[in-house]
Every structure is written in C-alpha cells, then in structure tokens.
1. So, B:GLU43, is that one free of Cβ contacts under 8 Å to residues at least 12 places away in the same chain, farther than 30 Å from A:ASP29 by Cα, within 16 Å of the ligand (Cβ to nearest atom) and not assigned by TED's automatic domain parsing to the domain that holds B:GLU167 or not?
2. From (1) farther than 26 Å from A:ASP2 by Cα; (2) buried (at least 20 other Cβ atoms within 10 Å of the Cβ); (3) of a type in the set (Asp, Glu), pick out the condition that doesn't hold for A:ASP83.
3. Does at least one position in segment A:16-29 carry a residue that is part of a loop (DSSP other than H, G, I, E, B) and surrounded by fewer than 19 Cβ atoms within 10 Å (Cβ to Cβ)?
4. Can you find, within segment B:11-34, the residue that is most open to solvent (accessible area, probe 1.4 Å) among those that are in a helix (DSSP H, G or I) and within 9 Å of the ligand (Cβ to nearest atom)?
5. Are there helices (runs of 4 or more DSSP H) fully within segment A:92-186 with at least 2 residues that are surrounded by 15 or more Cβ atoms within 10 Å (Cβ to Cβ), at pLDDT below 85 and more than 10 Å from chain B (Cβ to nearest Cβ)? List them.
Amino acid sequence: MDTVVKRIIANIKKGDQEAFAELMDLYKDQVYHIVYRMLGNVHEAQDVTQEAFLRAYMNIDTYDEKRKFSTWLFRIATNLAIDRIRKKKPDFHLEDNVPGTADLDYHSQFSNEDPLPEDQLLQLEMQEWVQAEIMKLPPKYRAAIILKYLEDLSLKEIGDILNLPVATVKTRIHRGREALRKSLGE
Amino acid sequence: MACSKNQLQKIHRYMDEEMNDEEQKMLEEHVSDCGDCAAHLKEMRQTVAIVQSTSHFKAPDDITQNVMNQLPKQPPAKKGKVWLQKHPFMMTAATFFLVFIISLASGFSPDANQIAVQGEGQFYVDESNGVVIVPEGEAIYGDIRIENGDLNVEGEVHGDVTLVNGEHIQASAGGVTGEIEEINAFYERIWHHTKIFISDVFSLSSDTTEQTDLSIWF
Ligand SMILES: [Zn+2]
C-alpha cells in the first residue's frame, strides 16, 4: 500500500498529472466522508473535497515523504472544512437550515429512484439523526470525534492531522463523547 | 451521571483502554456496585455504537474528473528551495560584510518588532499573533515582503514571497505560485541585505522588487 502511494507521488512530482487521478481514487471516498461529516451538506462536501485535492496537488512538493500521506491530506481537508464552518456561521444557506428538509440532502446520497423500503427508511432516519447530533458539536470536538469513531484513526494520527498534542485530542474526544451521550440520550 | 467527576474520568480512561489490569478491575467492581456509573458507562457505549453505526458512502463520481480539469497545465512550481544554492555568488560577498552591519543597525531600530508588509492586494494583519493573512478567495498578483511576521496564505499569491524574521505557515496549504524565501536568523538577514547590495552594485539581479526595497535601507 505505502509503496504504491510512494510510487504515485514520485510520478506526480515528475510531472505526470494522470498519476494524480490514481491518488485521488485511493483517497477521495475517505476525504469526502470526513468532510461531509463535518459539514453535513453534500454540495459543500464535494466543493471542499475538490479544493483539498487541488491544494494537495499544488503543494505536493511540501509533503514530507517520511510521514504518512493520508495524515497530510486529511489535515488539508479538515482545515478547509473548519474554515468553511467558521465562515458559515453568520450567513446560513437556506437549503441547509430549513426545518424538516434536512433529510432532502441525505436522500440525495442515494441515487435510487425507487421509493425506499421501510427498513431502509428507518436506517436513513437514524443516520440523519446521528448526523444532526454530530453537527451540534463545536467544530473542534466534531473533527476529533469523526476521525476517531468514523475513520477509526489512532489518537496520535488525529493529533498529527489536527496539529494538537495527544492529551488535547483525548480531552476533545471525552467532551465530544459526553456531549453526544447527552444529546443522543434525550 | 457518574457519581463523581473522578469516576467519570475513570470511565473515559476505561473506554479509551488506557487502564492497567488493576485499575480496570477496580473500575469494573465500582460499576457493579454503583448504579449511576453503570448507567453512565452503558450510555457511553451505546453512544459510540450509534455513532459508529452510521454508514460510509462514496464520493460523487465526478470528483476526480472535476479536479483533474482544474489542474494547471504546468506541474506545480518547486517550493522552499534554499536561496543560497541558487545564488552561489553570495559566498564571495564577505568583503561587503562590514558595510552591512552598519546599515543594518537602522534595521533593528525601535520599531524592529513591528510587522511591515509590502505588497498589493487584500490581506489583513493579525497583530496579536503576528500573522499576515491572505484570506481564502483572495488572490494577490505580485510579490510580497513581510518583516517580523508570519504569513498564512489561505487564498493565493501569484508572486514571490520574502519573509524576514517570520515564516510561511503551511497549515491551510494555500497557494503561492512563486518562490518563498525565509530570512530568519540575524546573520541570514545580513546575508540577504548583502545580496541586495551586490545586486544593486553589480546588477547581478534584474529583480525590480528587491531594487525598490533598497530605499528602506539606504
Ligand atoms: Zn459511581
């Protein structure tokens, strides 16, 4: 795995643009997932994912090959997502916040034209509810919880991505977990 | 809610699997006797299970193609080259050294810690943190020079960046298309001004921005 990534990055540095498509295919789902969980909106998630890859390409020379590529890439992506959340606060997008339409966005995840069977619908509601609760977390707790429980990354990796000491990552996970316990338990 | 703050901390450590066998046993014993802590631990585990039950989904199909269409035709410029390597003539500049220590004295005058920015475009200065920020969505066309401050490019800089006593913060991975030159240590600062002096005297460089900088120092 790692040797594949190294080879691809070496090719990109040599100017082989097509190699970048290979790199994207390896990481796009994970980047998109992280960003979607942080922003809770498919359009913004796509936008930020594309921006993150574009920046990764433009800055590929600053990537230190001794470190894990995914850590570097996720750092760019989470920084962009956090920036986006901060900017979003004052002016809300209509489509994001009209009560009762939150699920519209979620449904568009599934390009299924047939009506959904009952159990799938239930599953979908559950997903929406959890996402809504994640969105209530302050961004700094949100990022730590997503990376830990949805991406299953180690505390050390999360610290590297968020540029925080491991002790701080722990505190954020504890607080985020506690906040979710309260809100999910209501 | 756990019966005490102390027990709550222990529950978190237990969940993070950070306890040794003895601590673990003690907590388990406590939980079996304490209804509050038992409930708290159970809820916490359920919370994690619920969060983890959410499904992963794939990125939209057109993401790769959209990005590929936006890549510049030329491969990205190499960044962060060591300036001395590009200017080997510097190594012979010792003759001018003394001259520059004198002229630099004015450079370390009382306002030496003030952030000074040269460049045209939209940026703002976060004075409390000593950072010059080019906000996202902004593009600066031309060179920038910053003294006594760091640079955080969230937008784009289409030009070269010179940082005296500051650094380029990579956190947001904003784009700088030109060269980034960081001159941080005192001696590097001297070398840099020596370079400007040489380029002026010998016309070794056609870089006009550096020429205009001379007015500050002479
Ligand atoms: Zn207790």
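1. Numbers: free of Cβ contacts under 8 Å to residues at least 12 places away in the same chain: yes; farther than 30 Å from A:ASP29 by Cα: yes; within 16 Å of the ligand (Cβ to nearest atom): yes; not assigned by TED's automatic domain parsing to the domain that holds B:GLU167: yes.
It is true that B:GLU43 is free of Cβ contacts under 8 Å to residues at least 12 places away in the same chain, farther than 30 Å from A:ASP29 by Cα, within 16 Å of the ligand (Cβ to nearest atom) and not assigned by TED's automatic domain parsing to the domain that holds B:GLU167.
2. (2)
3. Going through segment A:16-29, the residues part of a loop (DSSP other than H, G, I, E, B) turn out to be A:16-17.
Among the residues that remain, those that are also surrounded by fewer than 19 Cβ atoms within 10 Å (Cβ to Cβ) are: A:16-17.
Within segment A:16-29, one or more residues are part of a loop (DSSP other than H, G, I, E, B) and surrounded by fewer than 19 Cβ atoms within 10 Å (Cβ to Cβ).
4. Start the filter on segment B:11-34 by keeping residues that are in a helix (DSSP H, G or I), which leaves B:11-15, B:21-33.
Those still in the list that are within 9 Å of the ligand (Cβ to nearest atom) too: B:11, B:30-31, B:33.
Numbers: B:ILE11: 0, B:HIS30: 54, B:VAL31: 25, B:ASP33: 134 Å².
By that ranking, first place goes to B:ASP33.
5. Here the list reads A:102-107.
The values are calculated or read from the model by the stated rules, or taken from the named source; none is laboratory data. These figures come from a predicted structure and were not determined experimentally. Cβ coordinates were reconstructed from backbone atoms using ideal geometry, including for glycine residues, and neighbour counts include every protein chain displayed. Quick note on the areas: whole protein, heavy atoms, side chains included, nothing else; ligands and nucleic acids left out. Shrake-Rupley method; radii C 1.70, N 1.55, O 1.52, S 1.80 Å.
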